Amino acid sequence: MTSLKQNQMELLLPKGYLSWSALHLFETSEKKYIEKYFYGEDDNRSNDFMSFGKRYAEAKETGDCKGDPMLEFAMNAVPSYQFPEYKLEAELSTPYGKIKLLAIPDSFSEIDIQILEYKTGKIPWTQSKVQKHGQLHFYAVSTKAKFSVNPSQQLWWIETTDKDENGNKIPVRPTGITQVFKFKASDQELKEMEQRIIRACLRIDKLYRQHLSLQK
């Protein structure tokens, strides 16, 4: 990691903050991150399962299932906390200056600082998969930076399918199976996520400054 004096510079990010989706994209492909955040290009890839997930998220936020009984079932199958689609803005203090973070948990309680995250899809979730899921680690770091609390989190999996009992293709719908997994980041996991955030932001800062200098 680049050695810098404390607060020697402010880290420059295209949107002014780092979200989990931005961090995940950057760690997966710097090229795709640059295309999206530097140039505004986004392929917006989607499929039927992703579309259902978006409709489910909207239904949980608004309470409107638009007359879809299967969507209503899925919406009522899992609980909600105080706020849906909670916009959590935080600042992470680092040896390199402050980094603004944006986390948007599916449901959040300010009363006892808890998070609910919902996942739809046909691929089962496991406790091991939940423990390794970086999004929850990112939420934990953001919440601790904002509220000085390492939050208790729950991930709810709502199983969906695009096949009927005979194996025929159908519109994506929930199967009726849900599972809940509990998660709380360890001190080591918090430290590791903070380091991932710092590494990414230092690299993004360098690339973005180069990009801006070329635009002059």
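The values are calculated or read from the model by the stated rules, or taken from the named source; none is laboratory data. The structure presented is a predicted model; accordingly, all values stated were derived computationally and were not measured. For neighbour counting, all protein chains shown are included, and Cβ atoms are generated from backbone atoms with ideal geometry for every residue, glycine included. Note: areas computed on protein heavy atoms with side chains; ligands, DNA, RNA excluded. Shrake-Rupley method; radii C 1.70, N 1.55, O 1.52, S 1.80 Å.
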* **Among (1) open to solvent by 70 Å² or more (accessible area, probe 1.4 Å); (2) free of Cβ contacts under 8 Å to residues at least 12 places away in the same chain; (3) in contact with an Asp or Glu (Cβ under 8 Å, 6 or more places away or on another chain), the one test that C65 misses** => (1)
* To do: For Q127, work out the one condition from (1) free of Cβ contacts under 8 Å to residues at least 60 places away in the same chain; (2) more than 19 Å from L190 (Cα to Cα); (3) among the polar types (S, T, N, Q) it doesn't fulfil.
  => (2)
* Structure fact -> Within the stretch 101-121, residues of a type in the set (D, E, K, R) and surrounded by fewer than 18 Cβ atoms within 10 Å (Cβ to Cβ) come out as E110, D112
* To do: Hey, can you tell me all the residues within the stretch 177-186 that are within 14 Å of K132 (Cα to Cα) and out of contact with any Ser or Thr (no Cβ under 6 Å at 6 or more places or on another chain)?
  => F181, K182, F183, A185, S186
* Asked: In the stretch 76-114, which residue that is touching a strand residue (DSSP E or B) at 6+ places or on another chain (Cβ under 6 Å), in a loop (DSSP other than H, G, I, E, B) and aliphatic (A, V, I, L, M) is nearest to C201 (Cα to Cα)?
  -> V78
* Qualifying residues in the stretch 138-159 (those that are crowded, with 23+ Cβ neighbours inside 10 Å and among the hydroxyl-bearing types (S, T, Y)) - the one farthest from E27 (Cα to Cα) -> T143
* May I ask you to list the residues in the stretch 116-140 that are closer than 24 Å to L71 by Cβ and in contact with a helix residue (DSSP H, G or I) (Cβ under 6 Å, 6 or more places away or on another chain)? => T120, G121, Q135
* Structure fact -> In the set R173, R209, the lone residue that is basic (K, R) and either in a helix (DSSP H, G or I) or surrounded by fewer than 17 Cβ atoms within 10 Å (Cβ to Cβ) (or both) is R209
